[in-house]
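Chemist: If you scroll down you'll find the structure; I have some questions about it.
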Amino acid sequence: MNLQVVTMTLGPAETNTYLVAAAGSQKAVVIDPSWDGHLILDEAKKRNWRITNIWLTHAHFDHFGGSAAVADGTSPPPPVALHSEDYPLWRANGGGDSYGLKFDPGPEPTIDLAHGQTLYVGDIEFQVRFAPGHTRGHVMFYVPSDKLMFVGDVIFQMSIGRTDFPNDAGGGQLPGSNHNTLIESIHREVLGLPDETRLLPGHGPATTVGDERRFNPFLQE
């Protein structure tokens, strides 16, 4: 495998944070720094990695609650990447206020993610896939060379992302979760990949496209 992946489960929602680097590189990217940014920095330091970017699959609070500490502990502070459709959600603290959570959101996103965009970690290509439904601006990061995809809260082992939110950020201002849209995203952007493709979700264990196609009860309709 060309890509080195460190998985950390952090924060009040037990969200998976992924610290990724190309083999032999000292530069890393953190995908969804969910919480406890100091622990993310500690993991990077152990490996002599410097975090150069923060990539967000979407803007729910439990996927960027550690951004501030990561940025504060990194020089220069890494830019944050997010799809523009989720900027309003990010600015509304990702819905954290609805749960009584106050936190520093960290640097405002300055890199607009878009479907079909190509990103790199070292020389490893990541393809951005737009997959709304859980939020309006949800994206996934697909790594063709390693046959894996960071899927955020689109799909989980034998489950899918929540779409029962009354709104995305509390206060009735940002509707955006939609079950039918999410199912369409999964069929279009996930199930078309090879069966052996590993899916690294925002919560719970990793799974594969083949297992979810065959056994996920939400996809058997």
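Chemist: Using the alpha-carbon centroid of each, what span in Å lies between the range 18-88 and the range 179-206?
Modeler: Cα centres, the range 18-88 to the range 179-206: 23 Å.
Chemist: From Cα pairs below 8 angstrom and at least 6 apart in sequence, can you work out the relative contact order of the range 85-221, rounded to a whole percent? Before the final figure, lay out each step's value.
Modeler: Working: 246 pairs, mean separation 30.4, N = 137.
Averaging sequence separation for qualifying contacts and normalising by length gives 22 percent for the range 85-221.
Chemist: Does the range 61-112 come out rounded, prolate or oblate, given a ≥ b ≥ c as the square roots of the eigenvalues of its C-alpha gyration tensor, rounded meaning a/c under 1.5 and, failing that, prolate meaning a/b above b/c?
Modeler: Details: a/c = 2.98, a/b = 1.25, b/c = 2.38.
Oblate.
Chemist: Please list 190-199, 49-58 highest first by mean number of surrounding beta-carbon atoms within 10 Å per residue. Don't skip to the end; give the middle numbers.
Modeler: Details: 190-199: 16.4, 49-58: 23.7.
So the peptides 190-199, 49-58, ranked by packing, come out 49-58, 190-199.
Chemist: Among DSSP bridges having both ends in the range 3-219, what percentage is antiparallel? Round to the nearest 5. List each step's numbers first, then the result.
Modeler: Numbers: 27 of 41 bridges.
Bridges in the range 3-219 that DSSP calls antiparallel: roughly 65 percent.
Chemist: Mind sorting T74, T118, T135 by how few other Cβ atoms lie within 10 Å of their own Cβ, fewest first? Don't jump to the answer; show the numbers that get you there.
Modeler: Numbers: T74 18, T118 8, T135 32.
By the 10 Å Cβ count, ascending, the order reads T118, T74, T135.
Chemist: Follow-up. Taking a ≥ b ≥ c as the square roots of the eigenvalues of the Cα gyration tensor of the range 180-221, is the shape rounded (a/c under 1.5), prolate (a/b larger than b/c) or oblate? Walk me through the intermediate numbers first.
Modeler: On the way: a/c = 1.42, a/b = 1.29, b/c = 1.10.
Because its axes are fairly even, with a/c under 1.5, the range 180-221 counts as rounded.
Chemist: Still on this structure: Show me the three semi-axes of the equivalent ellipsoid for the range 1-128, from the C-alpha gyration tensor (sqrt of 5 times each eigenvalue), largest first, rounded to whole Å.
Modeler: Values: eigenvalues 101, 59, 30 Å².
Calculated on Cα positions only, the semi-axes equal 22, 17, 12 Å.
Chemist: Return an integer: the convex hull volume of the alpha-carbon atoms of the range 3-219, in Å³ per residue. Mind dumping the intermediate values first?
Modeler: Working: hull volume 22.2 nm³, N = 217.
Roughly 102 Å³ of hull volume per residue.
Chemist: Counting C-alpha atoms alone, how compact is the range 6-64: give Rg to one decimal and Dmax as a whole number, in angstrom.
Modeler: Both quantities, over Cα of the range 6-64: 10.8, 33 Å.
Just so you know, all these numbers are worked out from the coordinates, no wet-lab data involved. Since the model is a prediction, treat every value here as computed from it, not as a measurement. For neighbour counting, all protein chains shown are included, and Cβ atoms are generated from backbone atoms with ideal geometry for every residue, glycine included.
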